[in-house]
Structures are given as C-alpha cells and as structure tokens.
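The values are calculated or read from the model by the stated rules, or taken from the named source; none is laboratory data. Everything numeric here is computed off the predicted structure, so don't read it as measured data. So basically every Cβ, Gly included, is an ideal-geometry build from the backbone, and we count neighbours across all protein chains shown.
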C-alpha cells in the first residue's frame, strides 16, 4: 500500500467520527422532537448512549472506507460491525442488526437463503419504524411529516454505509488505489 494511503487513514477516521457525531446529534434531536415535552437530556443517556457511540461508529466507518479504498481486505469484515458501537443501549440491537443485515443482503457472501432471510427482515424493520412513527404521530402537519422523513433518512444512513462496505470486491479493489481516489486523498 502506498505511504500516502497509510497517512490518509487518520484523516478518514476523523472525518468519519465527525460525520458519526453529526448523525448521532441529529438522531438525538429527532428523538427529542418525537417525544415532545417529555424528552429529557441526561449526561449518560445523551452522551453515553447516543453521541459517543455514534462518534465511534462513524470513526469505524471512516476507517473501513479508507481500508477499502486502499484495497486492504484483511480485517474488513470486522469493520462492517461498526454499528455495534451503538449497542450501549440494548434496545437498539434489532436496529443495529438491521443495518448490518441490509449490507449482508447485497454482499454476495454466504448462502443466498440466509442473506434473503436476514436482508428482507432488515428491510422490513427499516421501513416499518418510520411508518409506525407516521401512524403514531400522524403526518397531517408539516412538522410531523418532516419528523417522519427525518427519522426514515437517519435510519438509512448507517444502512447505506453498510451497503457500500459490504458490496462485493471488484478487480479495482485488489490493492491499488484507483487514480481518482488517490488524487482525492492527496488533496
């Protein structure tokens, strides 16, 4: 691997961490809007269960994407478990599994029936949560429609990262940085 790619790993991790923090803060803000006046902010709940784990998840995604661009396959499978950084709250486990499951569905790895079973259940969960929220709060006002759209979009961000990370490796991913990516990394 070129030394320039190795030097870019810390930058990718920082970018991923900032993105993860922004995602987690947005998720917490959406949760506060959904709960309404009953929403409380606490150090442990807000920071320990949402913001810090979201930052860690983003950093792991950044690291995973940097490794993929550099063509480093070894250990790549472990980094697809980045959403498990959010497991500080065990109630989130079905959602974390759904994010990983969506990526697994399109990964091309493993038995097809296992990918279909896991992936379809994951897609149903990721679709059902915003629909349940829409039914619960209604979408008759612009605020509630926005809230439902925000929830759906935030739920799909980690799932889309998993889709990109778990996609099958191509010949271009065999260890050489494509010229366009190398130019982008050096800037």
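Being modelled with pLDDT under 90 and either surrounded by 13 or more Cβ atoms within 10 Å (Cβ to Cβ) or not in a helix (DSSP H, G or I) (or both): is that true of residue 29 here?
So residue 29 fails the test.
Tell me, which residue of the stretch 62-80 that is surrounded by 15 or more Cβ atoms within 10 Å (Cβ to Cβ) and either without any contact (Cβ under 8 Å) to a residue 40 or more places away in the chain or not in a helix (DSSP H, G or I) (or both) is nearest to the chain's Cα centre (by Cα)?
Of everything passing the filter in the stretch 62-80, 80 is nearest to the chain's Cα centre (by Cα).
In the stretch 64-83, which residues are in contact with a helix residue (DSSP H, G or I) (Cβ under 6 Å, 6 or more places away or on another chain) and closer than 26 Å to residue 44 by Cβ?
82, 83
Being on the phi < 0 side of the Ramachandran plot, modelled with pLDDT of 85 or more and either crowded, with 17+ Cβ neighbours inside 10 Å or not in a helix (DSSP H, G or I) (or both): is that true of residue 59 here?
Yes, satisfied.
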